[in-house]
Amino acid sequence: MTVTDFPTTASGVRSPIPDLPAPSAGERALAAARFQLAEASRFLGLDDGLHDMLATPRRSLTVSVPVRREDGRLEVVQGHRVQHNLSRGPAKGGIRFHPATDLAEVTALAMWMTWKCALVGIPYGGAKGGVAVDPATLTTRELERVTRRYVNEILPLIGPEKDIPAPDVGTDEQTMAWIMDTYSANAGYSVPGVVTGKPTALGGSLGRAGATSRGVQIAALQALASTEGARSPEGTAIAVQGFGKVGALAAQYLADAGCRVVAVSDAGGAVVRPSGLDVAALRAHAAGTGSVHGYRDADPLSRDELLELDVDVLVPAALEGMITADNAPRVRARLVVEGANGPTTPEADLILAGNGVTVVPDILANAGGVIVSYLEWVQNTQAYSWSAGEVEVKLRDLMENAYRAVADLAAERDLTLRQAAHAIGVGRVAEAHRMRGLYP
Ligand code: GLU
């Protein structure tokens with residue numbers, strides 16, 4: 001055999017080894033999560049062994065999910081469930097349906113869930129799930145089959161005392177209802193506490209649907225009040241990237257608080273209106289057409305331009321890796337409040353900090369969702385329900401306490417809010433490990 005017998009790879013050389021693909025978005029997210037952990041470990045003086053434990057998930061399960069399409073074809077998609085840490089309680093975290101999701105992304109998201117739960121003081125470890133499908137291309141019945149089969153495959157891992165899924169990108173109340181039903185059918189009785197973010201008819205909590213967005217509003221208003229010369233919300237200009245479950249309601253709640261939401265974007269496009277958008281009308285338009293694109297009472301804008309608008313607050317509420325070394329120098333907002341998980345890369349973080357931009361990090365700003373998930377699980381396990389007002393008070397309390405702890409540590413030790421949030425979250429998990437010791 002000679003070299004000429006080898007196939008030509010995409011980069012034009014003859015080799016039996018194909019070119020290595022560029023890192024996926026998920027691999028970049030995992031590298032970012034590990035970088036943040038390494039920084040926190042250094043700050044806390046953790047030993048290498050403990051750092052290694054925290055840098056790797058406790059359990060990961062990858063499953064093949066065969067799906068029968070409506071036309072009779074069989075397709076196989078990959079799913080994952082990762083439990084990153086279990087030292088403070090059962091694993092907790094959403095399930096994502098997105099075509100680009102992979103094991104690395106789910107691992108990064110699980111790791112962020114661990115720090116998030118520890119930071120806001122709820123008794124969970126972190127987990128995440130993902131199925132590599134685009135829900136927009138599936139019928140409702142196909143989606144139900146994917147959900148039930150995926151859940152069946154990860155069944156040994158989940159349970160109200162073990163690992164409690166919830167909604168994330170591409171999943172919703174209906175997905176959670178199917179999960180609850182599949183798990184309950186296997187158990188032989190109803191187990192509402194196996195998932196959170198359920199419809200209220202099945203034991204879902206009042207206030208859960210809008211909880212992440214409410215938390216984003218609380219964090220943004222707290223940041224406005226404590227930075228930039230204690231700004232009041234009135235007239236504050238806001239741009240929101242991502243007009244899905246989190247972004248659309250965050251825009252609404254911020255507008256309700258008196259802010260001027262001037263621009264929003266989604267996968268279909270972006271719109272801008274400097275005097276302020278009518279967020280309720282825009283939500284109705286997006287609900288009807290599937291996108292903010294084409295909304296009449298605003299001008300069209302490119303999705304990239306939205307990140308660089310001259311606004312007071314930018315709310316990235318889409319996916320990971322959106323604010324990067326490329327566009328961070330052009331971000332003009334003074335405050336970035338992360339509704340999404342991992343929207344800012346570590347390189348972008350450095351640039352933003354250098355430019356005096358305050359970033360309220362994901363594990364703090366978007367913690368409202370898992371906080372009300374926790375409240376839902378507590379209600380389920382007590383077979384009792386709280387009023388919307390009671391849920392809102394508890395959510396506000398936990399969010400505001402976490403924000404204050406982060407802001408105080410950041411001021412005291414000259415850290416960014418992200419560094420302070422990670423120091424607290426990672427520190428609490430490390431403390432739990434130390435107290436429990438190693439078995440055997
Ligand atoms: N998927 C949400 C998050 O990233 C919520 C998770 C949960 O409620 O368990 O925080």
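Among residues that are in contact (Cβ under 8 Å) with a residue 60 or more places away in the chain, of a type in the set (A, V, I, L, M) and either surrounded by fewer than 24 Cβ atoms within 10 Å (Cβ to Cβ) or away from the ligand (no atom under 16 Å from the Cβ) (or both), A263 is not included.
With respect to the stated conditions, E161 fails to be modelled with pLDDT of 95 or more, among the acidic types (D, E) and surrounded by 15 or more Cβ atoms within 10 Å (Cβ to Cβ). Every condition in (1) in contact (Cβ under 8 Å) with a residue 40 or more places away in the chain; (2) buried (at least 21 other Cβ atoms within 10 Å of the Cβ) is met by A420 except one, and the failing one is (1).
Given the structure, is G26 in a strand (DSSP E or B) and crowded, with 21+ Cβ neighbours inside 10 Å? No. Taken over region 147-167, residues that are within 12 Å of the ligand (Cβ to nearest atom) and touching a strand residue (DSSP E or B) at 6+ places or on another chain (Cβ under 6 Å) amount to 3. Here L119 meets the list (1) more than 13 Å from the ligand (Cβ to nearest atom); (2) under 24 Å from R418 (Cβ atoms); (3) not aromatic (F, W, Y) almost entirely, failing just condition (1). Out of the residues in region 204-227 meeting the condition of being out of contact with any strand residue (DSSP E or B) (no Cβ under 7 Å at 6 or more places or on another chain) and assigned to a loop (DSSP other than H, G, I, E, B), tell me which one is farthest from the ligand (Cβ to nearest atom). So the residue we want is L206.
For region 274-294, indicate whether the set of residues that are at pLDDT below 95, in contact with a Gly (Cβ under 8 Å, 6 or more places away or on another chain) and not small (G, A, S) is non-empty. No - not one qualifying residue is present in region 274-294. Of E70, E105, E27, all but one fail to be charged (D, E, K, R) and in contact with a Leu (Cβ under 8 Å, 6 or more places away or on another chain); the exception is E105.
The single residue among T147, T175 that is of a type in the set (S, T, Y), part of a helix (DSSP H, G or I) and touching a Pro at 6+ places or on another chain (Cβ under 8 Å) turns out to be T175.
Just one of the listed residues (V63, V76, V82) is touching a Lys or Arg at 6+ places or on another chain (Cβ under 6 Å) and β-branched (V, I, T), namely V82. The strands (runs of 3 or more DSSP E) found wholly in region 242-321 and carrying at least 3 residues that are of a type in the set (V, I, T) occupy 260-266.
Checked across region 168-184, the condition of being more than 16 Å from the ligand (Cβ to nearest atom), within 23 Å of E376 (Cβ to Cβ), at pLDDT 95 or above and surrounded by fewer than 14 Cβ atoms within 10 Å (Cβ to Cβ) holds for no residue. Total residues in region 71-95 satisfying the condition of being crowded, with 24+ Cβ neighbours inside 10 Å and either more than 11 Å from the ligand (Cβ to nearest atom) or not in a loop (DSSP other than H, G, I, E, B) (or both): the figure is 10.
In region 124-136, the residues that are aliphatic (A, V, I, L, M) reach residues that are near the ligand (Cβ under 9 Å from one of its atoms) with C-beta atoms within less than 7 angstrom, at least six apart or across chains, in these pairs: A127/K92; A127/G93; A127/M113. The listed residues are A239, A286, and the only one of them that is surrounded by 20 or more Cβ atoms within 10 Å (Cβ to Cβ), touching a Phe, Trp or Tyr at 6+ places or on another chain (Cβ under 9 Å), among the hydrophobic types (A, V, I, L, M, F, W, C) and on the phi < 0 side of the Ramachandran plot turns out to be A286. In region 353-390, the residue that is farthest from the ligand (Cβ to nearest atom) out of those that are more than 19 Å from D168 (Cβ to Cβ), of a type in the set (A, V, I, L, M) and within 21 Å of the chain's Cα centre (by Cα) is V359.
Determine whether region 187-194 contains at least one residue that is in contact (Cβ under 8 Å) with a residue 12 or more places away in the chain, buried (at least 24 other Cβ atoms within 10 Å of the Cβ) and within 16 Å of the ligand (Cβ to nearest atom). Yes: one or more hits. Residues in region 1-48 that are of a type in the set (D, E) and closer than 20 Å to T345 by Cα: E27, E39.
With the structure loaded, tell me whether G126 is within 15 Å of the ligand (Cβ to nearest atom) and either out of contact with any Cys (no Cβ under 7 Å at 6 or more places or on another chain) or part of a helix (DSSP H, G or I) (or both) or whether it fails that test. The answer is no for G126.
For E234, the conditions (1) assigned to a helix (DSSP H, G or I); (2) among the acidic types (D, E); (3) free of Cβ contacts under 8 Å to residues at least 40 places away in the same chain all hold with the exception of (1).
The values are calculated or read from the model by the stated rules, or taken from the named source; none is laboratory data. Computed from a predicted structure; not experimentally measured. FYI the Cβ positions are ideal-geometry reconstructions off the backbone, even for glycines, and counts take in every protein chain you see.
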